[in-house]
Amino acid sequence: MSIVVRGELFDGGELLNAMHGRHQGVGAVVSFVGYVRDYNEAHAVHGLFLEHYPGMTEKALAAIETEARARWPLFTVEIVHRVGLLLPSAPIVFVGVSSAHRQAAFEACAFIMDYLKTRAPFWKKEHNGITQQWVEARASDQHAAQRWSGET
Amino acid sequence: MLTIHYFARYREQLGLEHEQLAWQPALTTIGALRELLVVRGGCWVELAANNLMCARNQELCNLNESLSDGDDVAFFPPVTGG
């Protein structure tokens, strides 16, 4: 399975190692792991709750994978995203891609993360032990995703 | 019949995860549906936010998207995953 949405912890190292050797001709594997920070915009974070839209989430991630495959020659695409209550330093998301050459792998991994952050229906709520607040979307994430539009 | 889902901040502000609404021919677009919801007043004016995002049948779309009887619509704030 290349797209997984789940509550359980994942082992990024294990996922990464499994990507090499699945196909003949893999010359490059690039991965990204996103973690819960213990600090965000000058306030402590005790944990995050990740909400999502079951059904649409999987479809949105599959559409992002399809678009990445249309842009770069990729072998494996692996996306794992956690939901539910997550504590500081816990991994949230794993994206791994394999390709024959590094440039496609680097670019496709960045593209998938940029699109995931702006198009996949996940929402983070931060807890600091006393209060809770929804995390605001960042304009920098929109700009990062926009750099891919207009390219073929 | 339309099914409407609300997520994250909107789900909390409206105190509602989802609802069903009888189909009306005047609901030509998702934008028209949003206007109908906003005129309920009170907490519903939250849906007038400029950065509101929406989906039709579990696919991201804009407010100009056409609506049909039986559609599944969702309204939510900007996404913050990853």
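Each reported figure results from applying straightforward, stated rules to the coordinates on display, with no laboratory input. Treat the numbers as computed from the prediction; the structure is a model and nothing was measured. As a convention, Cβ positions derive from the backbone with ideal geometry for all residues, glycine included, and neighbour counts pool all protein chains shown.
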Between residue B:32 and residue A:87, what is the spin-label point distance in nm, taking each point 7 Å from the Cα along the Cα→C-beta axis?
5.2
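To the nearest 500 deg cm²/dmol, what mean residue ellipticity at 222 nm is calculated for chain B from DSSP H runs of n ≥ 4 alone, each contributing -39,500 (n - 2.57), summed and divided by the residues? Let's see the in-between values first.
On the way: 2 runs with 16 residues, N = 82.
Mean residue ellipticity, 222 nm, calculated: -5000 deg cm²/dmol.
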Give the percent of DSSP beta bridges with both residues in chain A that are antiparallel, rounded to the nearest 5.
90
Against the 2.2 N^0.38 Å scaling, with N counting residues, where does the stretch B:1-40 land? I'd like the Cα-based Rg ratio to two decimal places.
1.18
Pick from A:43, A:101, A:20: which is most flexible by mean-square fluctuation in a GNM of chain A where alpha carbon atoms under 10 Å apart are linked?
A:43
Within a 10 angstrom radius of the beta carbon, how do B:54, A:109, B:61, B:43 rank from fewest other beta carbons to most?
B:43, B:61, B:54, A:109
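Would you kindly calculate the mean projected area, averaged across all directions, of the convex hull enclosing the Cα atoms of the stretch A:2-146, in square nanometres?
8.6
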I'd like the mean, over residues of A:46-53, of how many other protein chain beta carbons sit within 10 Å of each residue's own Cβ.
3
Go ahead and run the numbers for FRET between residue A:143 and residue B:24, Cβ-Cβ distance against an R0 of 35 Å, rounding to 0.05.
0.35
For the stretch B:2-76, state the average projected area of the convex hull of the C-alpha atoms over all orientations, rounded to one decimal in nm².
4.4
Using a 10 Å cut-off on Cβ to Cβ distances, tally the other chain neighbours for every residue of A:116-125 and report the average as a whole number.
6
Counting only other chains, and only Cβ atoms inside 10 Å, what mean value do you get across the residues of B:52-62?
3
Along principal axes, largest first, the alpha-carbon spread of the stretch B:37-79 in whole Å comes out as 27, 24, 15
GluC sites (Glu not before Pro), restricted to the stretch B:1-70: which are DSSP loop and have at most 14 other Cβ atoms within 10 Å?
B:17
